[in-house]
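Some notes on the structure that comes next.
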Amino acid sequence: MKKIEFFRHCIEEGDIERVQRVLRSIFLTTGKEVEEFEQKFSHYTGRNHTIGLTSCTAALHISLIALGIGPGDEVITTPMSFCATANAILHAGARPVFVDVEEETGNINAELIEPALTGRTRAIIPVHLYGQMCDMKRISTLAERYNLKVIEDAAHAVEASREGVRVGQLSDSVCFSFYATKNITSGEGGAVGTDNAALAVAVRMLRLHGIDRGAADRYTKRYQHYDMPLLGWKYNMDNIHAALLIGQLERIETLWQKRNALWGIYEERLRGSRGIEILKTLPDSRHARHLFTILAAPGKRDALLWSLQEKGIGVAVNYRPIHLLKYYRDTFGYSERDYPVAEEIGNRTLSLPLYPSLKEEEVRFITDALKDELS
Ligand SMILES: Cc1ncc(COP(=O)(O)O)c(C=O)c1O
């Protein structure tokens, strides 16, 4: 039977050789390759600083801590994301406050943020869902008016911009993921980007227990005693993971172009199909083309999910809304109809394969299978 994987990474021989060079060297943890990756990533994203980490969850967590957010504070975010976004707020000791999303894009509805503010609100975490940026101009204006911090969850959106604004340009911190299915990947990995030098110093310390010197300092220079002015975590990216990312970063635009072309084919072949909808790419938006999702007719998604899988097509659901996950229901008392738009998307959304090595004929096979099921 034909098998079309939901995702395939695009690691090449050159990437493997770069990792081999690290493995043959003496120094495996945070050092030269991490520095090289951080510099190149800063250059690509246009941020002044990048700090390489073990995950985007870690990036969100220590961004909150470095910005002074903790117990007693509320952080506004979206229920239409992976649970990592809200979990990081809980890890920081703060409380996530959800705001419903836009029907057209699935992104946080900026109009609904102001009514959700309380005297305890300290920050907003917008998530650029599927790769399309939220309305950062509006969100940052609001944040300035109410003196709130903004941390972007750009796990899907390394390549995105909107109205001339790049990810991380209008916020305190932007968080990236290099998890196994992301646009560039090291299996697990993440980073914080920021233009704020003091914040970069704090995040750099918090990624390594809050100590003021890394192992590379002890290895490349003469031994110096370190101190621990802060209590941090163990979230530092190592040279092996960084080596895997450097080559992919050099190819990131070509990889985007391939996904963008496949996206165009999907849209063209599915446009007007009865029984499904496609979320909108806004006119002034450079969509990172991370996840191609369709919305099935109400009540029809799961049947579609099973039948596509039976035909050998890898599928996923991104996402079941966070507030309806058991822990959030039990802890905060959420229930159905609290965030109706997110719930509607959560009940109808279905993600189809999208990656640079996906073939045009495979997209045709997938769209034909989908149309068959809908007829
Ligand atoms: C929107 C979003 N935020 C955060 C994360 C967490 O990323 P990581 O697995 O790197 O911690 C993910 C990962 O899938 C995600 O999709």
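The values are calculated or read from the model by the stated rules, or taken from the named source; none is laboratory data. Quantities reported herein were computed from a predicted structural model and do not represent experimental measurements. Every residue, glycine among them, receives a Cβ derived from its backbone with ideal geometry; neighbour counts consider all protein chains shown.
Can you run down the residue pairs with Cβ atoms below 7 Å, 6 or more apart or on separate chains, where the first is in the range 248-277 and within 26 Å of residue 305 (Cβ to Cβ) and the partner is surrounded by 13 or more Cβ atoms within 10 Å (Cβ to Cβ) and polar (S, T, N, Q)?
Partner pairs satisfying both residue conditions: 266/367; 269/367; 270/367.
Suppose we filter the range 106-124 for residues that are within 16 Å of the ligand (Cβ to nearest atom) and farther than 27 Å from residue 277 by Cα; how many remain? Spell out the reasoning first.
Taking the range 106-124 and keeping what is within 16 Å of the ligand (Cβ to nearest atom), we get 106-108, 123-124.
Restricting the remaining residues to those that are farther than 27 Å from residue 277 by Cα gives 123-124.
Summing the residues that are within 16 Å of the ligand (Cβ to nearest atom) and farther than 27 Å from residue 277 by Cα in the range 106-124 gives 2.
Of all residues in the range 125-139, which are buried (at least 24 other Cβ atoms within 10 Å of the Cβ) and assigned to a loop (DSSP other than H, G, I, E, B)?
Listed by number, the residues that qualify are 126, 128, 132, 133, 134.
Out of the residues in the range 77-89 meeting the condition of being among the aliphatic types (A, V, I, L, M) and either touching a Pro at 6+ places or on another chain (Cβ under 8 Å) or closer than 12 Å to residue 346 by Cβ (or both), tell me which one is farthest from the ligand (Cβ to nearest atom).
89
Take the residues in the range 316-338 that are within 16 Å of the ligand (Cβ to nearest atom) and in a loop (DSSP other than H, G, I, E, B); name whichever of them is farthest from residue 116 (Cα to Cα).
My answer is 317.
Does residue 105 satisfy the condition of being under 18 Å from residue 143 (Cβ atoms) and not charged (D, E, K, R)?
Answer is no for this residue.
Within the range 177-199, can one find any residue that is β-branched (Val, Ile, Thr), in contact with an Asp or Glu (Cβ under 8 Å, 6 or more places away or on another chain) and more than 16 Å from the ligand (Cβ to nearest atom)?
yes
Look at residue 69 and say whether it is touching a Pro at 6+ places or on another chain (Cβ under 6 Å), surrounded by 20 or more Cβ atoms within 10 Å (Cβ to Cβ) and either more than 18 Å from residue 154 (Cα to Cα) or modelled with pLDDT under 95 (or both).
Numbers: touching a Pro at 6+ places or on another chain (Cβ under 6 Å): no; surrounded by 20 or more Cβ atoms within 10 Å (Cβ to Cβ): yes; either more than 18 Å from residue 154 (Cα to Cα) or modelled with pLDDT under 95 (or both): yes.
Spelling it out, it is not the case that residue 69 is touching a Pro at 6+ places or on another chain (Cβ under 6 Å), surrounded by 20 or more Cβ atoms within 10 Å (Cβ to Cβ) and either more than 18 Å from residue 154 (Cα to Cα) or modelled with pLDDT under 95 (or both).
Can you tell me which residues in the range 140-161 are away from the ligand (no atom under 12 Å from the Cβ), surrounded by 21 or more Cβ atoms within 10 Å (Cβ to Cβ) and part of a strand (DSSP E or B)?
149, 150
In a loop (DSSP other than H, G, I, E, B) and in contact (Cβ under 8 Å) with a residue 60 or more places away in the chain - does that describe any residue in the range 302-313? Show your work before the answer.
Looking only at the range 302-313, we keep the residues that are in a loop (DSSP other than H, G, I, E, B), and these are 311-312.
So of that shortlist, the ones also in contact (Cβ under 8 Å) with a residue 60 or more places away in the chain come out as 311-312.
Yes, the conditions are met somewhere in the range 302-313.
When you go through (1) within 16 Å of the ligand (Cβ to nearest atom); (2) on the phi > 0 side of the Ramachandran plot one by one for residue 53, which number turns out not to apply?
Checking residue 53 against (1) within 16 Å of the ligand (Cβ to nearest atom); (2) on the phi > 0 side of the Ramachandran plot, the one that fails is (2).
Criterion first (touching a Cys at 6+ places or on another chain (Cβ under 9 Å), assigned to a helix (DSSP H, G or I) and among the β-branched types (Val, Ile, Thr)) does residue 57 satisfy it?
Yes: the conditions hold for residue 57.
What's the number of the condition residue 338 fails, among (1) crowded, with 20+ Cβ neighbours inside 10 Å; (2) more than 24 Å from residue 182 (Cβ to Cβ)?
(1)
Being at pLDDT 95 or above, out of contact with any strand residue (DSSP E or B) (no Cβ under 7 Å at 6 or more places or on another chain) and closer than 30 Å to residue 122 by Cβ is true for just one of 88, 94. Which residue is that?
Exactly one of 88, 94 is at pLDDT 95 or above, out of contact with any strand residue (DSSP E or B) (no Cβ under 7 Å at 6 or more places or on another chain) and closer than 30 Å to residue 122 by Cβ, namely 88.
Among the residues of the range 191-211, are any surrounded by fewer than 20 Cβ atoms within 10 Å (Cβ to Cβ), in contact with a Lys or Arg (Cβ under 7 Å, 6 or more places away or on another chain) and within 30 Å of residue 374 (Cβ to Cβ)?
No.
Within the bounds of the range 188-207, is there any residue that is over 20 Å from the mean Cα position of the chain (by Cα) and farther than 28 Å from residue 166 by Cβ?
no
Part of a loop (DSSP other than H, G, I, E, B), over 17 Å from the mean Cα position of the chain (by Cα) and surrounded by fewer than 23 Cβ atoms within 10 Å (Cβ to Cβ): which single residue out of 103, 35, 111 fits that description?
Checking each option against the conditions leaves just 103.
Could you say which residue among 55, 42, 63 is over 30 Å from residue 339 (Cβ atoms) and among the polar types (S, T, N, Q)?
Values: 55 fails: over 30 Å from residue 339 (Cβ atoms); 63 fails: over 30 Å from residue 339 (Cβ atoms).
The conditions single out 42.
Can you name every residue in the range 162-190 that is free of Cβ contacts under 8 Å to residues at least 60 places away in the same chain, in contact with a strand residue (DSSP E or B) (Cβ under 9 Å, 6 or more places away or on another chain) and surrounded by 24 or more Cβ atoms within 10 Å (Cβ to Cβ)?
171
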